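The values are calculated or read from the model by the stated rules, or taken from the named source; none is laboratory data. In this text, all values refer to a predicted model and were calculated from it rather than measured experimentally. For neighbour counting, all protein chains shown are included, and Cβ atoms are generated from backbone atoms with ideal geometry for every residue, glycine included.
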Amino acid sequence: MNYEELMLRAITRAEKFKYTAKPNPVVGAIIIKNNEIISEGYHQIYGENHAEINAIQEAQKHQGKKFEKFSELTLICTLEPCSHIGKTGSCADFIVKKGFKKVIIGSIDPNPRVAGRGIEILENNNIEVEYGLFKDLVEKQNKFFFYKHKTGKPHITVKIASSFDGMSHINDERVFITSESSRNDVQKIRANHDAILTGGNTLRNDNPKMDARVDFAVNQAKKILLTSKPYNNKLDFFNNASVDVFGINDLNEIINSYQDSEICSILVEAGPSLVNAFLKEGIVDELIVYTSKKILGEKGVNWFDKDNAIENYGFKLESSYKIDTDLKEIFIKDE
Ligand code: AOF
Ligand code: ZN
């Protein structure tokens with residue numbers, strides 16, 4: 001296999017761990033000798049070994065059999081090996097210590113704690129480094145992680161469920177607007193995000209759990225509650241969850257407070273007033289709308305009134321799908 005094929009293999013196989021590595025990026029590493037794969041490693045679980053360490057430990061099992069010294073081997077990794085001592089050691093230092101002579105990298109790590117310093121460590125220790133191979137794919141694969149480090153703020157997605165006539169709900173009634181399939185789809189969106197944000201009204205009216213109920217392993221999102229009123233912290237929302245509560249109104253300040261955290265993405269699931277406040281603030285990157293065939297009629301509460309329709313907030317339709325009898329539309333900010 002050539003470097004291109006190996007890099008694509010590492011990218012593809014790393015994807016498997018996206019729900020258990022988050023909010024860390026997914027990363028893959030493959031070690032070869034003369035185009036033959038000696039070992040592979042992936043960053044499987046947040047807080048545990050990085051991909052390179054797993055690949056090196058696996059290779060060690062074959063030392064003296066498939067190869068003698070690490071200097072005979074080439075390491076291919078999708079992301080720049082880290083330079084920092086985080087929850088585990090620095091990958092770049094470990095690669096140097098092992099004696100590698102060649103490393104092929106997909107993308108530079110945008111995390112300011114790394115951002116080129118990993119490559120510097122390798123090169124300063126006479127390791128031949130090539131980088132940039134399929135870097136766009138690595139970035140796309142870790143969209144939220146790159147977005148966060150490029151912009152300094154988490155990526156914000158707003159999700160709403162709407163009746164055919166554009167309503168959110170009927171006051172004091174709890175009706176499911178969308179189909180079970182759409183609601184299952186929402187579970188996957190929750191699983192994909194690092195934090196889920198809601199408001200006091202939704203908490204009081206709906207008593208939502210807001211965790212991802214999926215049949216695969218997932219690092220559950222942090223929960224964020226925006227409320228200026230007292231709330232009952234015995235509700236399901238608080239069960240086994242780490243919850244940040246904000247009593248302030250400045251949405252920018254709230255979102256910016258996550259700049260130095262590991263949170264790369266926030267899913268907003270709230271009612272019309274908080275959703276419109278987010279949209280008006282211009283800090284929403286993506287809007288997901290599930291529309292059912294149900295009509296709520298005059299008693300319903302509108303998601304948007306005429307002059308703040310989705311288009312007026314500067315979004316364009318990115319894609320649309322049918323889910324059961326519902327329509328799912330994804331809008332993204334039209335830059
Ligand atoms: C690598 N290999 O497999 C991954 C890297 O908190 P820590 O110590 O796990 O560090 C997380 C940071 O390390 C993460 O934000 C990103 O910059 C980098 N991820 N680096 O060398 C890996 N997952
Ligand atoms: Zn590392």
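Looking only at the stretch 22-41, residues that are more than 12 Å from ligand 2 (Cβ to nearest atom) and either outside any loop (DSSP other than H, G, I, E, B) or at pLDDT below 95 (or both) come to 12 in all. For GLU52, the conditions (1) near ligand 2 (Cβ under 9 Å from one of its atoms); (2) out of contact with any Pro (no Cβ under 8 Å at 6 or more places or on another chain) are fulfilled apart from (2). The residue that is farthest from ligand 1 (Cβ to nearest atom), among those in the stretch 68-79 that are of a type outside the set (Lys, Arg) and out of contact with any helix residue (DSSP H, G or I) (no Cβ under 8 Å at 6 or more places or on another chain), is GLU68. Return yes when HIS169 is modelled with pLDDT under 95 and not in a loop (DSSP other than H, G, I, E, B) and no when it is not. For HIS169, the condition - modelled with pLDDT under 95 and not in a loop (DSSP other than H, G, I, E, B) - is met. Screening PRO23 with (1) touching a residue at least 40 places away in the same chain (Cβ under 8 Å); (2) buried (at least 24 other Cβ atoms within 10 Å of the Cβ); (3) closer than 30 Å to ALA221 by Cα gives one miss only, at (2).
Would you be able to say whether some residue in the stretch 66-79 is among the hydroxyl-bearing types (Ser, Thr, Tyr) and part of a loop (DSSP other than H, G, I, E, B)? So far as the stretch 66-79 goes, no, none of its residues is among the hydroxyl-bearing types (Ser, Thr, Tyr) and part of a loop (DSSP other than H, G, I, E, B). On the stretch given as the stretch 80-103, residues that are in a strand (DSSP E or B) and either within 14 Å of ligand 1 (Cβ to nearest atom) or aromatic (Phe, Trp, Tyr) (or both) total 1. Scanning the stretch 58-96 for residues that are of a type outside the set (Ser, Thr, Tyr), modelled with pLDDT under 95 and within 9 Å of ligand 2 (Cβ to nearest atom), we see that the one that is farthest from GLU130 (Cα to Cα) is GLY86. Give me the pairs: first residue in the stretch 125-145 and among the acidic types (Asp, Glu) and part of a helix (DSSP H, G or I), second residue surrounded by 15 or more Cβ atoms within 10 Å (Cβ to Cβ) and at pLDDT 95 or above, beta-carbon distance under 8 Å, and six or more apart or on different chains, which are they? What qualifies is GLU139/SER107; GLU139/PHE146.
Say whether the condition of being under 28 Å from ASP194 (Cβ atoms) and of a type in the set (A, V, I, L, M, F, W, C) is met by at least one residue in the stretch 125-135. Yes, the stretch 125-135 contains at least one residue that is under 28 Å from ASP194 (Cβ atoms) and of a type in the set (A, V, I, L, M, F, W, C). Selection of first residues in the stretch 60-73 that are among the basic types (Lys, Arg) and of second residues that are surrounded by 12 or more Cβ atoms within 10 Å (Cβ to Cβ), restricted to Cβ pairs under 7 Å at least 6 apart or on distinct chains, gives the following pairs, ordered by first then second residue: LYS66/LYS33; LYS66/ILE38; LYS69/GLY99. In the stretch 208-231, of all residues being farther than 29 Å from GLU15 by Cα and of a type outside the set (Val, Ile, Thr), the one that is surrounded by the fewest Cβ atoms within 10 Å (Cβ to Cβ) corresponds to PRO230.
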